[in-house]
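Heads up, the thing below is written out as structure tokens.
The values are calculated or read from the model by the stated rules, or taken from the named source; none is laboratory data. From a predicted model like this one, the values you see are computed outputs, not experimental measurements. Here Cβ is always computed from backbone atoms with ideal geometry, including for glycine, and neighbour counts include all displayed protein chains.
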Protein chains: 2
Amino acid sequence: MPENDLYLALLHYPVMNRKGWEIGSALTTIDLHDIARAAVTFGVKGFYVATPFEDQQKLALKVIGHWTAGAGGLVNPDRKDALGLVRITGSFEEVCASIQEETGKDTVRVATSADRHEHSVPAERIKERMKDGPCVLTFGTAWGLSKDFIDGCDMRLDPITGKGDYNHLSVRSAVSIYLDRICNGL
Amino acid sequence: MPENDLYLALLHYPVMNRKGWEIGSALTTIDLHDIARAAVTFGVKGFYVATPFEDQQKLALKVIGHWTAGAGGLVNPDRKDALGLVRITGSFEEVCASIQEETGKDTVRVATSADRHEHSVPAERIKERMKDGPCVLTFGTAWGLSKDFIDGCDMRLDPITGKGDYNHLSVRSAVSIYLDRICNGL
């Protein structure tokens, strides 16, 4: 499968709850499926799922195992290809270290958010950045990545906006749209 | 909320199973949430969920009721806005009749598929068609809309392709990407 120099990270910490407090969130298993399928479609090199909670890491590994080594993969080989792309880690720092080890280069840390940041850029900008080295597109579960995390990244993407001011896409939809905007035509 | 002259239909019949046989499929409740949230984002006028099975219609109505009239809407008003857009029907014929009644015009029936059709067109073409009257973007659950159904529609969209030949996006991802391609910039 041809690939772009692009990685995905789905973080379960540090994210926000509905009140804007920083929390660690629970795994949503459909995220693994939908995002992995979109990742394979658009030639993403690796899809990291980061959670500091060991029981949640075990749950994710169980789901992946069913579809890659277990009965699920026999019934549905396409799903096996997708979930084979998922890598379970404990933190975003581990994600960046893993990409550095794989590519020999520092990765550009790209944050996403449903809210506009004063220094955000169009998603298409990542097309150019990927030519110089790996980029990791980072998504928050629950009510999104914490503000401190976003401020600490190297780049921030413009939020996906439509006809009005409703900005409550699922993370599964947001990943799909950003990947299409970045990888379409490559 | 500003709107485009665009409707969505998610069909549970006539669709295909993994062997290509025509079947009626079961409801996947996360489809209602993710697609409704994308529909509100991009100013879709109505999101029809069509299933011929009465028990499945009841299940869909129960989910919607929880989030619009029940406890869910109090906790999460944004989800209430989204699921308020969902309309449960028994067939695609009912969908078209409902749009005709609402707009006073025949709707352009647009099929989507993961496979390329000899007469398919880029999604952006719908931008123009919406200026003349309503369009209904139609998606199949399970392994997609049946070939006869696709042939009977007025238009067919190009499949969403990425870096390779993997074409197994979730219907939730496919809806999100098509809506972004059609409605972006409108």
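Quick grid of which residues meet (1) at the interface with chain A (Cβ under 10 Å from one of its Cβ atoms); (2) closer than 21 Å to A:A39 by Cβ:
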site	(1), (2)
B:C135	no, no
B:A142	no, no
B:L145	no, no
B:F149	no, no
B:R156	no, no
B:K163	yes, yes
B:V175	yes, yes
B:Y178	yes, yes
B:C183	yes, no
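Against the definition (under 18 Å from A:R37 (Cα atoms), among the small types (G, A, S) and more than 14 Å from chain B (Cβ to nearest Cβ)), how does A:G65 come out, yes or no? So A:G65 fits the description; yes.
Filtered by the rule that a residue be farther than 22 Å from A:G43 by Cα and either within 14 Å of another protein chain (Cβ to nearest Cβ) or crowded, with 17+ Cβ neighbours inside 10 Å (or both), the stretch A:92-116 gives A:S113, A:A114, A:D115.
Provide a single number: the residues in the stretch A:51-77 that are within 23 Å of A:A142 (Cβ to Cβ) and not in a helix (DSSP H, G or I).
Count: 3.
For the residues A:G152, A:G144, A:G140, A:G162, the requirement of being at positive phi and either surrounded by fewer than 17 Cβ atoms within 10 Å (Cβ to Cβ) or not acidic (D, E) (or both) singles out A:G144.
Out of B:R129, B:R172, which single residue is basic (K, R), in contact (Cβ under 8 Å) with a residue 24 or more places away in the chain and surrounded by fewer than 19 Cβ atoms within 10 Å (Cβ to Cβ)? Break it down stepwise before answering.
Working: B:R172 fails: surrounded by fewer than 19 Cβ atoms within 10 Å (Cβ to Cβ).
B:R129 is the lone residue from the list that is basic (K, R), in contact (Cβ under 8 Å) with a residue 24 or more places away in the chain and surrounded by fewer than 19 Cβ atoms within 10 Å (Cβ to Cβ).
Would you check which residues across the stretch A:7-19 are modelled with pLDDT of 95 or more and more than 10 Å from the chain's Cα centre (by Cα) and list them?
Of the stretch A:7-19, the ones modelled with pLDDT of 95 or more are A:7-17.
Correct list: A:H12, A:Y13, A:P14, A:V15, A:M16, A:N17.
Does B:Y48 satisfy being of a type in the set (F, W, Y), under 20 Å from B:D151 (Cα atoms) and part of a strand (DSSP E or B)? So B:Y48 does not fit the description; no. If the condition is being under 21 Å from A:E101 (Cα atoms), within 11 Å of chain B (Cβ to nearest Cβ) and not basic (K, R), then the stretch A:2-59 contributes A:P2, A:E3, A:N4, A:L6, A:A39, A:G43, A:V44.
Step by step: first the residues of the stretch B:20-42, then only those that are of a type in the set (A, V, I, L, M, F, W, C) and surrounded by fewer than 19 Cβ atoms within 10 Å (Cβ to Cβ), then the one that is nearest to the chain's Cα centre (by Cα). Which residue is that? Let's see the steps before the verdict.
Keep residues of the stretch B:20-42 that are of a type in the set (A, V, I, L, M, F, W, C), which gives B:21, B:23, B:26-27, B:30, B:32, B:35-36, B:38-40, B:42.
Narrowing further to those that are surrounded by fewer than 19 Cβ atoms within 10 Å (Cβ to Cβ): B:21, B:23, B:26, B:30.
On the way: B:W21: 21, B:I23: 18, B:A26: 15, B:I30: 13 Å.
Step by step, filter the stretch B:20-42, then rank; the result is B:I30.
B:G72 meets each of the listed conditions (1) surrounded by fewer than 22 Cβ atoms within 10 Å (Cβ to Cβ); (2) at pLDDT 95 or above; (3) within 14 Å of chain A (Cβ to nearest Cβ) apart from (2). Taken over the stretch A:49-72, the residue count meeting the criterion of being touching a strand residue (DSSP E or B) at 6+ places or on another chain (Cβ under 7 Å) and without any contact (Cβ under 8 Å) to a residue 40 or more places away in the chain is 4.
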